[in-house]
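Enquirer: Let me give you the structure first, and then I'll get to my questions.
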Amino acid sequence: MIDNFRIALDPGHGGKDPGAIGPGGTKEKDVVLAISHLVASRLIEKGYTAYMTRMNDDFVKLEDRAAFANAKSVDLFVSIHANASKNPFGNGTETYYYPNSVNGKKLATKIHNNLIKLDLKDRGVKTANFAVLRLTKMPAALVETGFISHYTEEKQLNSEKFRHKVADAIMNGILDYIRGE
């Protein structure tokens with residue numbers, strides 16, 4: 001373990017912004033908050049410092065999420081989301097990084113490689129100009145854990161067992177990055 005390594009977790013959406021809503025009514029903001037709490041607790045158990053941009057169902061502006069991470073001088077930033085598509089058959093996981101980010105691609109790849117072990121369709125590691133990636137000053141990744149708009153993946157995202165698997169995969173990706181594996 002690297003001493004004093006600090007990670008900011010960003011559960012997407014929140015408060016007045018539900019994020020995507022699945023066909024069964026599942027709100028992205030609720031799923032990603034639950035997963036983020038699991039990731040944070042696992043990292044803390046391993047001796048790391050984990051911060052969350054929101055602890056409850058609160059609305060936090062995108063620039064405030066990045067500013068929070070920058071103010072805490074964290075070593076990594078991971079934004080956690082659930083994807084959606086107008087195509088009800090769209091499914092899988094994808095992970096993003098900002099093109100100019102130092103080590104952002106490496107972080108995104110480590111997390112993504114662990115997520116696809118869950119037998120989720122591999123939609124790849126991609127670049128994006130998302131504010132939370134562009135405005136953070138540390139390696140940052142945005143994870144789309146699955147498609148809440150896909151009937152089967154919505155059910156998975158509602159499953160406590162699957163949420164634990166996703167949390168383990170994200171944590172393992174973070175640890176692979178930290179250890180340089």
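Enquirer: Note down the net charge around Met171, summing +1 for each Lys or Arg and -1 for each Asp or Glu among other residues with Cβ under 14 Å from its Cβ.
Expert: Result for the neighbourhood of Met171: +3.
Enquirer: Oh, and also: In Å², and per residue, what accessible area does the range 107-179 have when probed at 1.4 Å with the other protein chains present?
Expert: Heavy-atom SASA per residue in the range 107-179 reads 43 Å².
Enquirer: Hey, what's the Cα Rg ratio for the range 34-85 versus the globular rule of thumb, 2.2 N^0.38 Å?
Expert: Taking N as the residue count of the range 34-85, the ratio is 1.20.
Enquirer: Within a Cβ distance under 13 Å of Asn103, other residues only, what is the Lys/Arg minus Asp/Glu net charge?
Expert: Taking every Cβ under 13 Å from that of Asn103, the sum is +2.
Enquirer: Please list, in chain and number order, the residues 5+ apart from Asn91 or on another chain whose amide H is under 5 Å from its amide H, with Hs placed from the backbone.
Expert: none
Enquirer: Identify the residues of the range 161-176 with backbone N under 19 Å of a label point that sits 7 angstrom from the Cα of Lys46 along the Cα-to-Cβ direction, or state none.
Expert: What the label zone holds, given the 19 Å backbone N cut-off, is 162-176.
Enquirer: Output ³J(HN,Hα) for the range 70-84: one whole-Hz value per residue in order, computed from phi by the Karplus curve 6.51 cos²θ - 1.76 cosθ + 1.60 with θ = phi - 60°, and x for Gly and Pro.
Expert: 5, 5, 7, 6, 6, 8, 9, 10, 10, 9, 10, 9, 10, 7, 8
Enquirer: In square angstrom, what is the accessible area per residue of the range 9-71 with a 1.4 angstrom probe?
Expert: Computed with neighbouring chains in place, this is 44 Å² per residue.
Enquirer: Report the Stokes-Einstein translational diffusion coefficient (µm² s⁻¹, integer) for the chain, Rh taken as the Kirkwood radius over Cα pairs, at 10 °C with viscosity 1.306 mPa s.
Expert: 101
Enquirer: A further question follows. Would you check the range 33-130 for Lys pairs whose C-alpha atoms are within less than 21 Å, ignoring same-chain pairs closer than 8 in sequence, and give me the count?
Expert: Lysine pairs meeting the criterion: 14.
The values are calculated or read from the model by the stated rules, or taken from the named source; none is laboratory data. As the structure is a computational prediction, the values presented were derived from the model and not from experiment. Quick reminder, even Gly has a Cβ in these numbers, built from the backbone with ideal geometry, and neighbours come from all protein chains shown. Protein only, heavy atoms only, side chains kept; ligands, DNA and RNA dropped before computing areas. Shrake-Rupley method; radii C 1.70, N 1.55, O 1.52, S 1.80 Å.
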